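Following: one structure in structure tokens, then a few remarks.
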Amino acid sequence: MAEILRRYWPDYRQKHGVTAEQARVVGAMMACRTPALGGRIDQCNECGAMVFRYNSCRDRHCNQCQKYERAKWVAKQEVIQLPVPYFHGVFTTDHGLNPLFRANKRKLYDLLFRVVSETLQQAAKKELGCELGLTLVLHTWGQEMKEHIHLHCIITGGGLSLDRQRWVPGKSRKYLVDVVKLSAAYRERLLAGIERLYRRGELETGEVDVPALLAELRAKKWEVFLKPFTDSAAVTEYLSRYVHQVAISNYRLKSLKRGRIRFEYYDNRERVEAGGKGRKKVMTLPAEEFIRRFILHILPRRFVRIRYYGLHHSSARAEKLPRCRQLLGLEAELPEAEVPDLEEWLVEVLGEEAVDQCPHCGATDSLFHRSQFEELPWLAILILSLVSRPTRQGVCR
């Protein structure tokens, strides 16, 4: 991805207007794991070769970074999990709203989070008489990198009774609340929220006829996806795939030739089996269109795309969550998160030899730290690029 941007971003930026945040993010991704961000120098005891390890940009949109951060995040989430069934929910917005979301990202994404959390909690209050634990993750893309704005939800299969005296289980392991009513309530809440913002003059509408669009969308049937996880381990596995990642992973990129990018995707309109992934295909896009699709998904600065509500909210971890644990037969006190050590995590992911192996002579356990360097001037970058190259794993800091 970084190589695509290095080659074609300058031309794209000259032809098209980009925001300051888009320019900042792309700049960080192009500099990631290059001498521009500094790094460290190791030396091999066996052959004496210098090994340069360049720093990561650590931007949340970069598909080279965040893997260690993802591992740490998942470890922390395991602390709040309870020994109960969990449900996976997906709340999708109609594509007719895409132009409004594109022009009003912060306001409408905030509204989407609020509407989904309130809709779920209200349904649980009416049907079960309890408060749920919710973890919501914003996704704005589909397999083809087009706009597909939706929230993924991790939902407890039951909740704490409103008087906090008992744990209220779901009606069954396969049923949480009435999905038909939930879908209708979600549609009405979201469209009503957009209408309020429009009437207060708080939306950038461009050429969109908002009243006509809302009337059209109210006449449609919206569907919310709500399905039980198979087991508690599946919750963690699911979370590890859906956080700290944006738009496309490097492994899906197949080739870059003559300004055209080929990448893999799953066509969900052609499912191989019921409930499974779509058929795997390869799409080819001009670099200009590929970059346009990617930057659609760059979030506003400091926007929080993973949010917690109810029993998962940080304020619930002092009283409500310990109370739930107690009612479910666990110790009230939450356990300490087992956050993986960076070196141990690298060994687990890459293998012991790959972490500490000289890329020149292949010797293992032979590298020792010589020095660190900060951001370098262009001449030093040029010299370093001629005499060295980063190791495959780079550095995750």
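Please treat every number below as a calculation from the coordinates, not as lab data. Owing to the predicted nature of the structure, the values given are computational and were not obtained by experimental measurement.
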For K126, counting only lysines whose alpha-carbon sits under 29 Å away and dropping same-chain residues fewer than eight positions off, the answer is K107, K171, K174, K181, K220, K221, K227, K320
So for the range 22-65, what are the equivalent ellipsoid semi-axes in whole Å, largest first, each being the square root of 5 times an eigenvalue of the Cα gyration tensor? 28, 9, 6
Over the range 130-286, what per residue volume does the convex hull of the Cα atoms give, in whole Å³? 188 Å³
So what are the chain's ellipsoid semi-axes, whole angstrom, largest first, if each one is the square root of 5 times an eigenvalue of the alpha-carbon gyration tensor? 41, 30, 18
